1. Can you find, among Ala50, Ala63, Phe20, the residue sitting farthest towards the positive end of the charge dipole of the chain, where Lys and Arg contribute +1 and Asp and Glu -1 at Cβ?
2. So what's the back-of-envelope 222 nm ellipticity for the chain, counting only DSSP H runs of four-plus at -39500 (n - 2.57) apiece and dividing by all residues, rounded to 500?
3. Lys and Arg at +1, Asp and Glu at -1: add these up for the other residues within a Cβ distance under 12 Å of Leu3 and post the number.
4. What distance in nm lies between label points placed 7 Å from Cα along the C-beta direction at Lys2 and His48?
5. Mind giving me the FRET efficiency for Ile9 and Ser66? R0 is 25 Å, r the Cβ-Cβ distance, nearest 0.05 is fine.
6. Could you tell me whether the chain comes out rounded, prolate or oblate from its Cα gyration tensor? Rule is a ≥ b ≥ c as square roots of the eigenvalues, rounded for a/c under 1.5, then prolate if a/b exceeds b/c, otherwise oblate.
Amino acid sequence: MKLPQISGIELIKKLQKQGFVVVRQKGSHVRLEKNLGEKVIKITIPNHPALKKGTLHHILKDAGLSIEDIL
């Protein structure tokens, strides 16, 4: 399945539905965390109008999610 064209705000909203919480923001980058017991997943999302496909791919990989999870 192809990666969709998505903005940073849309991705943040979709990640929040998956259990991620916004921790802080510095400039145009938003930091999200998800607590999994002993492990904490930390990801940074650029708050840009359109994320590059490579950036989106790495964010999903780091978050442990698939394309279907955010659609």
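1. Ala50
2. On the way: 3 runs with 25 residues, N = 71.
Rounded to the nearest 500, it is -9500 deg cm²/dmol.
3. Details: positive: Lys2, Lys52, Lys53, Lys61; negative: Glu68.
Local net charge: +3.
4. 1.9
5. Working: r = 21 Å, r/R0 = 0.83.
Calculated value: 0.75.
6. Details: a/c = 1.86, a/b = 1.19, b/c = 1.57.
It comes out oblate by the Cα gyration axes.
All of the numbers you see were taken from the coordinates with simple rules; none came from a lab. For clarity, every value in this text was computed on a predicted model and none was experimentally measured. Positions of Cβ are generated from backbone atoms using ideal geometry, with glycine treated the same way; all protein chains shown enter the neighbour counts.
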